[in-house]
Each structure stands twice: as C-alpha cells, then as structure tokens.
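Worksheet: the structure to be examined is printed underneath.
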Amino acid sequence: MKLSDLLQDIAIVRTIGETDREVTGIQFDSRKVEAGNLFVAQAGTAVDGHTFIEQCVAKGATAIVLDNPTYMPQASQEVCYILVKNSDEALGKMAHCWYGKPSQQLKLVGVTGTNGKTTTATLLYDMTMAMGYRAGLISPVVYRIGEERIASTHTTPDAIRLNAMMRRMVDSGCDYCFMEVSSHSIVQHRIDGLKFTGGLFTNLTHDHLDYHGTYKEYIRAKKLFFDKLPKDSWAVTNIDDRNGEVMVQNTEAKVYRLSLRSMADFNTRLTEMLPDGMLLNLAGNELWVHFTGRFNAYNLTTVYAAATLLGWDKMEVLTTLSALKPVSGRFESVAADDGTMAIVDYAHTPDALENVLETIEEVRRGDQQLFVVCGCGGDRDKTKRPEMAAIAVRYATTAIFTSDNPRTEDAEAILDDMEAGVGEKRNYLRITNRREAIRTAAMLAKVGDIILIAGKGHEDYQIIGTEKHHFDDRDEIREAFATTHRK
C-alpha cells in the first residue's frame, strides 16, 4: 500500500522524506520489522519504541512514524520519517486503513464498563449465531470468527491484531462483531479508526486504579469511548448506575436508557429468582432464563436492547434469550455427587464479588453454610484488597483467603493487604496455596452447602512470578469433590 494512503487521516506535524512509496506492512514491535515495513514508534509503559528506530532502519524499514521530535533526523533519503501528534492514535487509524477499514463492513458493537462486559458481548455473539447470522467476538475468554475459536490474549488486542481479525470476519461472511472495550484500549488508542454501530455501558465500579491512578481518570477513560461514537450510531446506558448518565452526556450517538428501578427505554423487573434461573418481566413480556442474579438481569436487558436496536424481531430475540446458557466462568456451577454445590465466578472487583454473594444469599436456605474462596491479583490495584476481604467475611460462614495470580508480588503480602479489611471478624482462614484452599473448602462443606470460588472464573492458568502454570478452579473443585463428597 502507498504510504501516502495510510497517512490520509493522520495528524502529521512534520515529514522528512518522500511519502509516495510502497510499504509492505505495519509493525510496532521492532523484533518483527522486515524490509519495506513501516515502523510505528510508541513511548509505551515499559519500553520506549523510539529507542529501536535505528535498529528498524538497519533491518530495512522504509518509513518511521514517531511522536518524539528528539528522534527526528535533520534529513533522510532512504527512509521517510513522519512526526505525528500521537503515535498510538496513528497506529490505530493506519491499521484500520491497512486492512481495508473492516469495521465499516461490519455492524460493530462495543461493550464497556467494569462488570458484565464478557457476559454481554458473549451472549450477543451466541444470540446472533443462534438466529442464523454470522458474527465475531472479541473478549478475554476467547476470540471468535464465526465458528472458529482463537486463543485470547487481551480483553482488547493491539490495533494491528484487532483489525486483522475484523478483516477475517468480513472475509468469512460475518455481518456483526461484538467486542469488549477495555479502559486500557481506549486511552491507548487501540480502537481508534474503528466505526462502531453502537456502544453499551454496563456499570462502573472500583477497578484498574493501578493503571489509571484515580477513579476520576478511570471514569474519563470509559466516557471517552462514548464521546467518540459517531452521529449515526446508538448508545445504551444503565441509568441505575450513578455514572450511567455521565457516560453519555457528550456523545453524538442516539442515547437509549435501561433500568430495573425506574422508567426507561428498556425496563426489566425481576419477578422470581431460583438457583438455576429466574423469571423476568422484560419489556412487558414474561421470560424464564437460565441465569440467576440481579446483575444478570442487567446483562440480559442490555443484550435485549442491543438486539432490538440492531433491528431484530423482538419476539425472536426473547425466544432466543430464553434458550441461552451462562458464559464460562460466570456463575458457573459445579455439583458434587451428593448435591454439594460450588460456584466458580470471575468476580475480581469488590462490586462483582458483592453482586455474586448477594445472589447466593437470595437463593440459599438458612441451614446452608457458605464458604468463600477468594484472593486478589498481584501487581494490580492494591486498594481493592481490603474491600474484597471485608465483603467476603460479611457474607460467608467461612471465608478462605488465598492466592489469585500473585505475579511478581509476594503472595503473603497480598494476603496481608486483604486481612487489613476484616476488622474484628474472625470467620476466615488464610491458605496461600490455591489448590489447598479449594480442597479445604470442599472438606469443610457438608452435604447441601455452597462454595463460591471467586476471582479467576474461566482462566485455566495461574501466574506466579512471570510464568503461567496450568490451573483451573473448575477442575480443582471437581477433583476435591471426588475425594470428599462421593455418594
């Protein structure tokens, strides 16, 4: 592709060299640069890509995009240097252009918020496929292109991989794409250049302050997604969340509101809740679904709103909703032979944990004990650790604090941070080894009791240091049940 074509929508400060030249590919990783490539130098959070510019030129890069003028040469004949206002933004827009602007050939719906993103995006994908359409999915659990499954690496992948996947979606006949939009991807401009048909806001609670610094900045990151939606798109916001109206106050998109509490464009009332499902009055229609919990009532209302705004038949949407099943690792039940129940859930924020525990509290009998196994990730927001522990001991008969993904932090230090939140409560154990923590919960639970294993959900690994080790909460509790809860 011509370099000049790639630069059409880019905010350029200065150019040295001729832009009327062919480029053979775009790279932001200097290790992948080949002859004829365009290299985009990004400041990054750990490594500054500008320091690799000379190395990329030596490998045959024909053009360099950068936003640090210090690395701009006085003159150049062989290589074209383009100084831009923001390299991250330029990469997003150029990647979209390189792959033929695939988002403009799809109905792309973005889902953002703290909790419920994966469930909402995945259910929209499941519904679309069940109704006979073809769709793609971008989530932290899995990427999907029609029926094809691709291992997921990030909630929102880098701009090049993101656009490459959307290109494949278009080429394979997909009409729709549903993607989680993380706060990181918004501020890092990974989604820049994409054309969204609609945006969905689930809720906003305490998370990612290790990256954003303050809750105000976290809100700003999420809101930026809606600020950039085009005039011909739509936005659905949850007005029961205190930030629901904040998200859409500056958007040019057509705004729709949903609520379980007050009048809105999309209303739902939770009529009855049982361990294996609930009865909803959704948009004036009674509907039994295979989900439980008020948080899932919000997720399903969001799915219904998006589906109808995409133009699908409302009764067909409701019929399909009633047949959908929960997403892997989201309130996923694992039963022992004797009827003892474990619930595995991805809840890794204070609000998500409380939502799950409130749901369990509503459906469990007075004689059922509740064991809560939970931890907090290392190298992540420390401020939520005591909050998580306080919530766990408030609801649990016995809470067991354990490792999550400690990463490069000392697992014992993480548990120290959690313990700081329990106050005078003493209904907890501290078992650092996650496998032993799960086994202990299984041994303590009597027939009919409930165990919640929170924090990792669908993840089939544990990160200790910088290495990933196979670990699946669902396999662990099944094995523990097999030895402690046989009939």
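Observations
- Filtering segment 228-240 to residues that are under 18 Å from Thr301 (Cα atoms), in a loop (DSSP other than H, G, I, E, B) and of a type outside the set (Val, Ile, Thr) leaves only Asp240.
- Meets criteria (closer than 21 Å to Ile186 by Cβ and either of a type outside the set (Lys, Arg) or open to solvent by 10 Å² or more (accessible area, probe 1.4 Å) (or both)) for Tyr81: no
- Residues located in segment 56-97, provided they are of a type in the set (Ser, Thr, Tyr) and either at pLDDT 95 or above or within 36 Å of the chain's Cα centre (by Cα) (or both): Thr62, Thr70, Tyr71, Tyr81, Ser87
- Meeting the requirement of 2 or more residues that are open to solvent by less than 40 Å² (accessible area, probe 1.4 Å) and closer than 18 Å to Ala336 by Cα, the strands (runs of 3 or more DSSP E) wholly within segment 417-487 are 450-454.
- Total residues in segment 189-202, condition assigned to a loop (DSSP other than H, G, I, E, B), under 15 Å from the mean Cα position of the chain (by Cα) and not hydrophobic (A, V, I, L, M, F, W, C): 2
- Any hit, segment 409-416, residues being outside any strand (DSSP E or B), surrounded by 15 or more Cβ atoms within 10 Å (Cβ to Cβ), touching a residue at least 60 places away in the same chain (Cβ under 8 Å) and of a type outside the set (Phe, Trp, Tyr): no
- Any hit, segment 165-180, residues being open to solvent by less than 40 Å² (accessible area, probe 1.4 Å), closer than 27 Å to Ala151 by Cα and part of a loop (DSSP other than H, G, I, E, B): yes
- Qualifying residue in segment 37-49 (condition: touching a residue at least 40 places away in the same chain (Cβ under 8 Å) and surrounded by fewer than 20 Cβ atoms within 10 Å (Cβ to Cβ)): yes
- Extreme residue, least open to solvent (accessible area, probe 1.4 Å), among residues of segment 5-26 that are polar (S, T, N, Q) and touching a residue at least 60 places away in the same chain (Cβ under 8 Å): Thr19
- The residue that is farthest from Ile438 (Cα to Cα), among those in segment 319-376 that are among the aromatic types (Phe, Trp, Tyr) and touching a residue at least 60 places away in the same chain (Cβ under 8 Å), is Tyr346.
- Qualifying residue in segment 317-326 (condition: buried (at least 19 other Cβ atoms within 10 Å of the Cβ) and basic (Lys, Arg)): no
- Taking every residue in segment 214-234 that is in contact (Cβ under 8 Å) with a residue 24 or more places away in the chain and among the β-branched types (Val, Ile, Thr) and pairing it with any residue that is assigned to a helix (DSSP H, G or I) and open to solvent by 30 Å² or more (accessible area, probe 1.4 Å), at least 6 positions away or on another chain, the pairs with Cβ-Cβ distances below 7 Å are Ile219/Val246.
- All of (1) surrounded by fewer than 23 Cβ atoms within 10 Å (Cβ to Cβ); (2) at pLDDT 95 or above; (3) not acidic (Asp, Glu) hold for Thr120 with one exception: (1).
- Evaluating Glu245 against the criteria (1) of a type in the set (D, E, K, R); (2) closer than 25 Å to Lys107 by Cα; (3) touching a Ser or Thr at 6+ places or on another chain (Cβ under 6 Å) leaves one unmet condition, (3).
- When Thr397, Thr349 are checked against the criterion of being open to solvent by 40 Å² or more (accessible area, probe 1.4 Å) and hydroxyl-bearing (Ser, Thr, Tyr), a single residue qualifies: Thr397.
- Residues located in segment 355-394, provided they are in a strand (DSSP E or B) and either surrounded by 22 or more Cβ atoms within 10 Å (Cβ to Cβ) or out of contact with any Ser or Thr (no Cβ under 7 Å at 6 or more places or on another chain) (or both): Phe371, Val372, Val373, Cys374
- Selection of segment 323-354 for residues being under 18 Å from the mean Cα position of the chain (by Cα), of a type in the set (A, V, I, L, M) and in a loop (DSSP other than H, G, I, E, B) yields Val327, Ala347.
- Of the residues making up segment 241-299, those that are assigned to a loop (DSSP other than H, G, I, E, B), among the hydroxyl-bearing types (Ser, Thr, Tyr) and open to solvent by 50 Å² or more (accessible area, probe 1.4 Å) number 1.
- Of the residues contained in segment 386-395, one or more are found to be at pLDDT 95 or above, over 24 Å from the mean Cα position of the chain (by Cα) and β-branched (Val, Ile, Thr).
The values are calculated or read from the model by the stated rules, or taken from the named source; none is laboratory data. Nothing here was measured: the structure is a model prediction, and the numbers come from that model. We place every Cβ from the backbone using ideal geometry, glycine too, and count neighbours over all the protein chains shown. Accessible surface is based on the protein model in full, side chains and every heavy atom, while ligands, DNA and RNA are left aside. Shrake-Rupley method; radii C 1.70, N 1.55, O 1.52, S 1.80 Å.
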